[in-house]
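> One structure follows; several queries about it will come next.
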Amino acid sequence: MQRILITSALPYINGVKHLGNLVGSMLPSDAYARFMRLRGHEVMFICATDEHGTPAEIAAANAGEPVAEYCARLAKVQNELHDGFRLSFDHFGRSSSERNHRLTQHFAGALADEGYIYEVTEDQMWSETDGRFLPDRYIEGTCPNCGYDRARGDQCENCTKQLDPTDLIDPRSAISGSTEVFARETKHLYLKQSALRDEIRSWIGTKTDWPILVTSIARKWLDDGDGLRDRGITRDLDWGIAVKRGDADWPGMEGKVFYVWFDAPIEYIAATAEWADANGKSEADWRRWWRTDEGAEDVRYVQIMGKDNVPFHTLSFPATIMGSGEPWKLVDYLKGFNWLTYEGGKFSTSQGRGIFMDQALEILPPDYWRWWLLSNAPESADSDFTWEVFQGGVNKDLADVLGNFVSRVTKFCRSKFGEVVPEGGAPGEAEAALAVEVQARLDGYASAMEAVEMRKATAELRALWVAGNEYLQHAEPWAVFKTDPERAAMIVRTALNLAALYATVSRPFVPDACDTLAEAFGLAPDARWPESAEAALGALAAGHAFTVPENLFRKITDEEREEWAARFAGEAEG
RNA sequence: GGGCCCGUAGCUCAACUGGUUAGAGCAGUCCGCUCAUAACGGAUUGGUUGGGGGUUCAAGUCCCUCCGGGCCUACCA
């Protein structure tokens, strides 16, 4: 048994996430966590909301709510949606938790003690009307290059030229529209990442099994220009973690908070502490997952995230940990996902384009989404959601291949032998060949999951389901029954055992269907991965009672597909 | 501007460090079966691997170049 720590990138608090967000981190993490539990490993699966930063403050203001209430409300909404998608977090925390406040301040103090923090006095854009400093992106104005009048302070999206807010002609606040914006002096803490560059680079160098997407992004940042740059870790905001040096005040930093990207990864650790608090566990119980001097030396730590998160997980967060001088666990395997697009374009919150988690669950149960999204996960490149492909995949894989297999074997058994695993007959060559095939598929499925390769894993699992139909077709118990009922009983018994095997090993992808099947077959919902295919095919003994379950999956009709395509197309064309 | 990734059958994707006639699913066509959600099984059509050039005994795989798509570029998160 191994111990496996899994963290999914933290979804930002600002609103309901769309399917692209879901498939980029939380969903594959969940499938991976479920698989590892199935294999009998000890798993700690952690996620949390990422609550700080300017967008949260603005969203709260727009909603007319105090930011703390807004975040608490949205955290609850997100939690309910996670339940809806059957995400099996051991704990889903909040980056605004007391635990994270203390731990973030602790890390800052440790980094300062090690000499990796320094103060910088610099100019930031201040909006008099809004009464706040604004990130570059929240300053709009006319582009000095092309004359586009809605250029942002970081870049003109019309001519793509990089900008500095002070370059803009007639700058204004993107929030209030106020033109009373000007540069104003402020003081911030910087993390001396540059001093950790070599250490990070050699650490990355050992990660030869990471996806090329991940290591290439990391190397770019390490080697671009003058190399890894130092990074400001504080901001002039109200909502966030107060800048402190451990428990002590930080002179000159009053009223400031840590930068959201400094505290968010630390929440992975803090959320594990929150898990302990919520479950009556001790300090040692969570620290054994994170401190290599307190039991975490044999933990395998896997992080899963969208590619936008990669620099922070390969560089900033490791810099925080390495620089602290304390033995916290570093990531062992990092999986980055590309983007999911919607009908050839981007998901758009503002245009209502694409499918959001709440809407998805309104129209179909979670298994349908889990299966399609993971079997089409954007692993090697961006992938595209289209209703036609979605309908085809779900109907074929789930309804026809898996659902219909269960249906045909249970109903045939009921009509010929009753709702009980029939006795008689002995396995022969066909069953031996089936066991070989099943073993090969189980092995292929398992090694794909070990490597966090979702597409490959789902293809293997599907092939395992197909093997059931192939077997039944060739064994043809409906014909055999007429001349040799004993042999037909053995075939049906074998097929019922296949269905029971599916109920166990399909759980990472279609947990609800597995629950239905497990109940119909009277199996434990936490059944483990089988010892061998041969053992699995004989697990249900003759005489074991079962019930014929309702059809596991229904098909998506053409009418539904058309209706949904129209509904989620968004307000603008294209 | 700089960097990275991708471009393989109608569609979605495979093909370990270059190595037999480039594979699979879906769709299409034909045949079979009738237990089942008109489901299942078998067979089969289909690609000069974006264009061009080069290295090599051998290239989808390496190099150059062009075309097309995407991402990142550090104060959105």
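The values are calculated or read from the model by the stated rules, or taken from the named source; none is laboratory data. Remember, predicted model here, so these are calculated numbers, not experimental data. When we count neighbours, we look across all protein chains shown, and the Cβ atoms used for this are built from the backbone with ideal geometry, even at glycine.
> Quick one: is A:R408 assigned to a helix (DSSP H, G or I), within 16 Å of RNA strand B (Cβ to nearest atom), in contact with a Leu (Cβ under 8 Å, 6 or more places away or on another chain) and over 30 Å from A:A33 (Cβ atoms)?
Yes.
> For region A:289-300, enumerate the residues that are assigned to a helix (DSSP H, G or I) and either surrounded by fewer than 18 Cβ atoms within 10 Å (Cβ to Cβ) or touching a Pro at 6+ places or on another chain (Cβ under 8 Å) (or both).
Of everything in region A:289-300, those that are assigned to a helix (DSSP H, G or I) and either surrounded by fewer than 18 Cβ atoms within 10 Å (Cβ to Cβ) or touching a Pro at 6+ places or on another chain (Cβ under 8 Å) (or both) turn out to be A:E297, A:D298.
> Among A:A72, A:A33, A:A48, which is the only one that is in a strand (DSSP E or B) and modelled with pLDDT of 95 or more?
So the residue among A:A72, A:A33, A:A48 that is in a strand (DSSP E or B) and modelled with pLDDT of 95 or more is A:A48.
> Checking the conditions here, which among A:R137, A:R184 is within 14 Å of RNA strand B (Cβ to nearest atom), out of contact with any His (no Cβ under 8 Å at 6 or more places or on another chain) and part of a strand (DSSP E or B)?
None of the other options fit; the residue is A:R184.
> Does A:D30 count as within 11 Å of RNA strand B (Cβ to nearest atom) and buried (at least 22 other Cβ atoms within 10 Å of the Cβ)?
In short, no.
> Name every residue in region A:504-531 that is surrounded by fewer than 18 Cβ atoms within 10 Å (Cβ to Cβ), small (G, A, S) and modelled with pLDDT of 95 or more, in order of residue number.
A:G522
> Please find, within region A:119-134, the residue that is surrounded by the fewest Cβ atoms within 10 Å (Cβ to Cβ) out of those that are assigned to a loop (DSSP other than H, G, I, E, B) and more than 9 Å from RNA strand B (Cβ to nearest atom).
The residue in question is A:G131.
> So is A:W203 crowded, with 17+ Cβ neighbours inside 10 Å and touching a residue at least 40 places away in the same chain (Cβ under 8 Å) or not?
No: the conditions fail for A:W203.
> Select, from A:T341, A:T349, A:T314, the only residue that is surrounded by 23 or more Cβ atoms within 10 Å (Cβ to Cβ), among the β-branched types (V, I, T) and touching a strand residue (DSSP E or B) at 6+ places or on another chain (Cβ under 8 Å).
A:T314
> Output the residue which, of all residues in region A:6-24 that are among the small types (G, A, S) and in contact with a Phe, Trp or Tyr (Cβ under 6 Å, 6 or more places away or on another chain), is surrounded by the most Cβ atoms within 10 Å (Cβ to Cβ).
In this case the residue turns out to be A:G24.
> OK, next. Just to be sure, is A:W369 more than 9 Å from RNA strand B (Cβ to nearest atom), closer than 24 Å to A:L81 by Cβ and among the hydrophobic types (A, V, I, L, M, F, W, C)?
Yes.
> Cβ-Cβ under 6 Å, sequence separation 6+ or interchain: first residue in region A:48-73 and over 22 Å from A:M305 (Cα atoms), partner modelled with pLDDT of 90 or more and surrounded by fewer than 18 Cβ atoms within 10 Å (Cβ to Cβ). Which pairs?
Once the first residue is over 22 Å from A:M305 (Cα atoms) and sits in region A:48-73, its partners that are modelled with pLDDT of 90 or more and surrounded by fewer than 18 Cβ atoms within 10 Å (Cβ to Cβ) give A:Y70/A:A63.
> State whether the residues of region A:266-288 include one that is part of a loop (DSSP other than H, G, I, E, B) and within 16 Å of RNA strand B (Cβ to nearest atom).
Within region A:266-288, not a single residue is part of a loop (DSSP other than H, G, I, E, B) and within 16 Å of RNA strand B (Cβ to nearest atom).
> Regarding region A:196-211, can at least one residue be identified that is away from RNA strand B (no atom under 13 Å from the Cβ) and modelled with pLDDT of 90 or more?
Checked region A:196-211: at least one residue is away from RNA strand B (no atom under 13 Å from the Cβ) and modelled with pLDDT of 90 or more.
> Scan region A:218-242 residue by residue and report those that are more than 7 Å from RNA strand B (Cβ to nearest atom), hydrophobic (A, V, I, L, M, F, W, C) and in contact with a Phe, Trp or Tyr (Cβ under 9 Å, 6 or more places away or on another chain).
Passing the criteria: A:A218, A:I233, A:L237, A:I241, A:A242.
> Just one of the numbered conditions (1) touching a residue at least 60 places away in the same chain (Cβ under 8 Å); (2) more than 14 Å from RNA strand B (Cβ to nearest atom) is not true of A:E98; which one?
Answer for A:E98: the failing condition is (1).
> I've got another one for you. Can you work out which of the residues in region A:315-353 that are within 30 Å of A:A381 (Cβ to Cβ) and among the basic types (K, R) is modelled with the highest pLDDT?
Applying the filter and picking the extreme gives A:K335.
> Additional query: Give the residue that is surrounded by the fewest Cβ atoms within 10 Å (Cβ to Cβ), with candidates limited to residues of region A:139-195 that are farther than 30 Å from A:G325 by Cα and β-branched (V, I, T).
A:T160
> Also: Residue by residue through region A:301-356, note down the ones that are in a loop (DSSP other than H, G, I, E, B) and within 18 Å of the chain's Cα centre (by Cα).
A:V331, A:D332, A:N338, A:W339, A:F347, A:I355
> Where in region A:436-545 are there helices (runs of 4 or more DSSP H), lying fully within it, with 1 or more residues that are under 20 Å from A:P28 (Cβ atoms) and either among the acidic types (D, E) or away from RNA strand B (no atom under 13 Å from the Cβ) (or both)?
In region A:436-545, the matching helices (runs of 4 or more DSSP H) lie at A:454-475, A:485-505, A:511-521.
> I've got another one for you. From the list A:R462, A:R414, which residue is surrounded by fewer than 18 Cβ atoms within 10 Å (Cβ to Cβ), closer than 28 Å to A:I556 by Cβ and of a type in the set (K, R)?
Being surrounded by fewer than 18 Cβ atoms within 10 Å (Cβ to Cβ), closer than 28 Å to A:I556 by Cβ and of a type in the set (K, R) holds for just one of A:R462, A:R414, which is A:R414.
> A:V260 - would you say it is within 15 Å of RNA strand B (Cβ to nearest atom), surrounded by 21 or more Cβ atoms within 10 Å (Cβ to Cβ) and under 19 Å from A:A319 (Cα atoms)?
Criteria met by A:V260.
> Can I ask one more? Is there a residue being polar (S, T, N, Q), surrounded by fewer than 19 Cβ atoms within 10 Å (Cβ to Cβ) and part of a helix (DSSP H, G or I) anywhere in region A:84-99?
Checked against the condition, which is being polar (S, T, N, Q), surrounded by fewer than 19 Cβ atoms within 10 Å (Cβ to Cβ) and part of a helix (DSSP H, G or I), region A:84-99 yields no hits at all.
> Looking at region A:38-74, which of the residues that are hydroxyl-bearing (S, T, Y) and within 14 Å of RNA strand B (Cβ to nearest atom) is nearest to A:L5 (Cα to Cα)?
Only one residue tops the list, namely A:T49.
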